[in-house]
Amino acid sequence: MAEPWEEEGPGTVKKFMYVNRKAPYGTIYALESLEVVLIAAAFEQDVSLAFLDDGVYELKKGQDTAGIGMKNFSPTYRALEGYDIEKLYVEAESLAERGLTEADLLVPVEVMSREALAKMMDEQDVILSF
Amino acid sequence: MPIEVNGKSYETDEEGYLANLNEWNPEVGAAMAKADGCDLTDSHWEVINFLREYYEEYQIAPAVRVLTKAIGKKLGEDKGNSKYLYELFPYGPAKQACKYAGLPKPTGCV
């Protein structure tokens, strides 16, 4: 007999997208999203992260939080690869509107247009928005 | 509950993890282990030091699956497996080794 945790076979892998729209500090959304991603990584689903609007700042290189007395958690995005989370999508328009380019980001990402990202969202089974 | 090491008191949370990771030193780690009935060997320290380096780089304590894989990469496949790590840290390698390393309890699957 299958153990309870074995009941669902590999056929039930779902596409999860975590959508990050907020600046890294000032609200808890960015950190909470990252923590949920790290915890949920154990469930071996098809996970991707999307960064748009002010969410693109979450991946900005050279964050210095000394002035606001918060922990700089941006190095943790570099740990995602070790958790087998390698699909990071960044919306090109959000970057451009903020004067940023891919070179300003601290992890390798795939930059895609708003239109392409919307299409990608359409293909997800679950979208979690932060 | 605070722990006493060499006449100095160290604040811990309700599960015994060090409250301020900057206060950590090897003596504190050894004292925590001793309280759990565990004498730390060089093999234990290898994992503890690895965890401290991981935390320094990524600002998180890794989940056990990630720790196991990373240890294998760094210290060799004979050490990057659950059997080896659970023999060293029977309460769970990530959970127990993080405690002695002065790190917070790992996020997620421990």
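Below, the figures for the structure above:
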quantity	calculated
B:Pro93 vs. criteria on the phi < 0 side of the Ramachandran plot, of a type outside the set (Asp, Glu) and more than 9 Å from the chain's Cα centre (by Cα)	no
Among (1) in contact (Cβ under 8 Å) with a residue 12 or more places away in the chain; (2) more than 14 Å from every other protein chain (Cβ to nearest Cβ); (3) of a type outside the set (A, V, I, L, M); (4) surrounded by fewer than 18 Cβ atoms within 10 Å (Cβ to Cβ) - the single one B:Asp39 does not satisfy	(1)
Tabulated pairs, region A:65-77, first more than 7 Å from chain B (Cβ to nearest Cβ), second surrounded by 10 or more Cβ atoms within 10 Å (Cβ to Cβ) and part of a helix (DSSP H, G or I), C-beta under 7 angstrom, 6+ apart or interchain	A:Tyr77/A:Leu59
Total residues in region A:55-101, condition farther than 25 Å from B:Glu56 by Cα and more than 13 Å from the chain's Cα centre (by Cα)	10
Pick from region A:20-44, criterion touching a Leu at 6+ places or on another chain (Cβ under 7 Å) and away from every other protein chain (no Cβ under 13 Å), ranking: surrounded by the fewest Cβ atoms within 10 Å (Cβ to Cβ)	A:Arg21
Qualifying residue in region B:14-26 (condition: within 14 Å of chain A (Cβ to nearest Cβ) and surrounded by 19 or more Cβ atoms within 10 Å (Cβ to Cβ))	no
All positions within region B:53-94 that are assigned to a helix (DSSP H, G or I), surrounded by 16 or more Cβ atoms within 10 Å (Cβ to Cβ) and more than 14 Å from every other protein chain (Cβ to nearest Cβ)	B:Tyr84, B:Leu85, B:Leu88, B:Pro93
Hits in region B:95-107 - residues which are surrounded by fewer than 22 Cβ atoms within 10 Å (Cβ to Cβ) and within 12 Å of chain A (Cβ to nearest Cβ)	B:Pro104, B:Thr107
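Any read-out appearing in this document is the output of simple, stated calculations on the displayed coordinates, not a laboratory observation. All values derive from a computational prediction rather than experimental measurement. Cβ sites come from the backbone with ideal geometry, for glycine too, and all protein chains shown count toward neighbours.
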